[in-house]
Amino acid sequence: MELICQAIGILAMILSVTSFQLKTKKQIIVMQCMTGVVFAIHYFMLPGGAGIAGGVVNVIAILRNLVFYFNYKPIFKSKLWVVFFAIVMGTSAIVSRPEPISVFMCIAMVFNTLAVSADTPVGTRKMILISSPFAFVYNIVIFSVGGIANEALVEIITAITFFKEKALTKKDA
């Protein structure tokens, strides 16, 4: 069962990294929803309930991503959705699994919410650079192989892209 659980986490990591290769925001959001489903299953399957907080925030992230997907509709345009989901993310993991390590996933998902709602790619990347280390530590402690690999790759890919863009901006100036 543990091997199947870790394999599901690795599949989630592959979906997550694939989302970085997509061209449109809508494609990325759809892939992130699929990633959230697979990561939620993975976290809920981890032995001893270690990943419950991660599972809960991934379920909430799916709902958040759907709201952001439909942000062209008047009801979903408000920035209050960002505040709402940041608050829900910030409290959900603590309520679902009141252990100190759950706070790391809460912090990660609050910054992740700010990342996916950012108006610019640079803003998104800055929030991811803050978010990812918290999720990385959480995944180490609960021993999610897919989660550890995902956060390491996300941090590396985001940092490289961020610094490449910064270098290009300086070169153009």
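Only the coordinates and a few stated rules stand behind these numbers; no lab work does. Everything numeric here is computed off the predicted structure, so don't read it as measured data. In this analysis, Cβ positions are derived from the backbone assuming ideal geometry, glycine residues included, and neighbour counts consider all displayed protein chains.
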Restricting segment 17-44 to residues that are over 21 Å from Thr120 (Cβ atoms) and touching a residue at least 60 places away in the same chain (Cβ under 8 Å), the residue that is surrounded by the fewest Cβ atoms within 10 Å (Cβ to Cβ): Val17
Number of the condition not met by Ala167 [criteria: (1) surrounded by fewer than 14 Cβ atoms within 10 Å (Cβ to Cβ); (2) under 24 Å from Ile41 (Cα atoms)]: (2)
Within segment 127-147, considering residues that are assigned to a helix (DSSP H, G or I) and aromatic (Phe, Trp, Tyr), the one nearest to Arg97 (Cα to Cα): Tyr138
